[in-house]
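Rule-based calculations on the coordinates, nothing more; no lab input. Only a predicted model underlies this, so the values are computations on that prediction, with no experimental measurement involved. Because the Cβ atoms are built from the backbone with ideal geometry, glycine has one as well, and the counts that use them run over all protein chains shown.
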Amino acid sequence: MLRFPGARAISIPNGIEIPEKVIHTPGTGPIRLLYLGRLHAIKGIENLLGACAVLNANSDTAWTLTIAGDGNPNYVGMLRRRIEELGLSDKVKMVGQMLGESKRSLFENTDLVIVPSHTENFAVVVAEALAHEVPVIASKGTPWRMLEEVRCGLWADNSYESLAKAIEKMNGMPLREMGRRGREWMNECFSWRIVAEKMVRLYQDLCEPRSDLCGDALPRNRTASVAMEADN
C-alpha cells in the first residue's frame, strides 16, 4: 500500500458451508467442551489444558474436553503426557482427526467450542461451530471480537485463568440460544452465497470503466487488491 497510496484494500472472508438442518444431542451432565483443529503449539492447546486444571482445582464447574485433530507425533505425545501430569485423563480425551460425518457428530454432541490460539488469520473452526449452533470461546489472538457483540460467545485472553473464567461464565449462559444467534450470523455474513455475491460485486466494480484526466478509458480502481482470509 505504501507503493500505491491510492489503492483500496478489500478483505473478503472465507465462506463456509451452512448445514441445512442442525440436530443436537442435549447433555445431561458436565458442560461438553471441544477443541477441533490442527495440533500445534501455535494453537494454544497447552493453555486450554492449563485452564482445565484451574477449573479442577478452583471451580465447581463440571466439564469434559474432547481434543480432535492431528499433528506432529512428538507434539501429540507431549499433549498426552501433559494431560496425565495435570491429572486430567478422566476428563480429557484425544480422538484424532475427525472429518465428514464424524466431525458433524462432534458438533452435535458439544456444548461449547474453545479456540485458544496464540494467533490466527481467520480460524475457520469458529465459523463452522457457529454454523452448527455451537457457541464459541475464541482467544484474542483470533479476529473474532464480534462474538460478544452478536452474543454468541466470548473473546478472551488465552491465559489459563482467563480461559477458565470464560468457561465458568459460559456454563451459566443460555448456550442453545447463543448458538442459534451464531448460526443466523453465519448465514447472513459467511455463507458461500454471501461471499460469492461480494466477490461478484467487487469484480464488477473493478471492471467498470472510467475516464482519467487524459481522456483514456481505464479500469476503475485498477490497483485495488483482494484478500481472501486464510486459516493458519
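May I have the convex hull volume per residue, in Å³, for the Cα set of region 31-189? It would help to have the intermediate numbers written out before the result.
Details: hull volume 15.6 nm³, N = 159.
Per residue, the Cα convex hull of region 31-189 comes to 98 Å³.
Would you work out which of Pro30, Leu88, Val134 lies farthest towards the positive end of the dipole of region 23-145, given +1 charges on the beta-carbon of Lys and Arg and -1 on that of Asp and Glu, about the Cα centre? Of Pro30, Leu88, Val134, it is Leu88. The reciprocal of the average 1/r between distinct C-alpha atoms defines the Kirkwood hydrodynamic radius, which for region 145-202 equals 13.1 Å. In this structure, the amide hydrogen of Ser59, modeled 1.01 Å from its nitrogen in the peptide plane, lies closer than 5 angstrom to no residue at least 5 positions away or on a different chain. As a length-normalised measure over Cα pairs under 8 Å and 6 or more apart, the relative contact order of region 88-190 settles at 26 percent.
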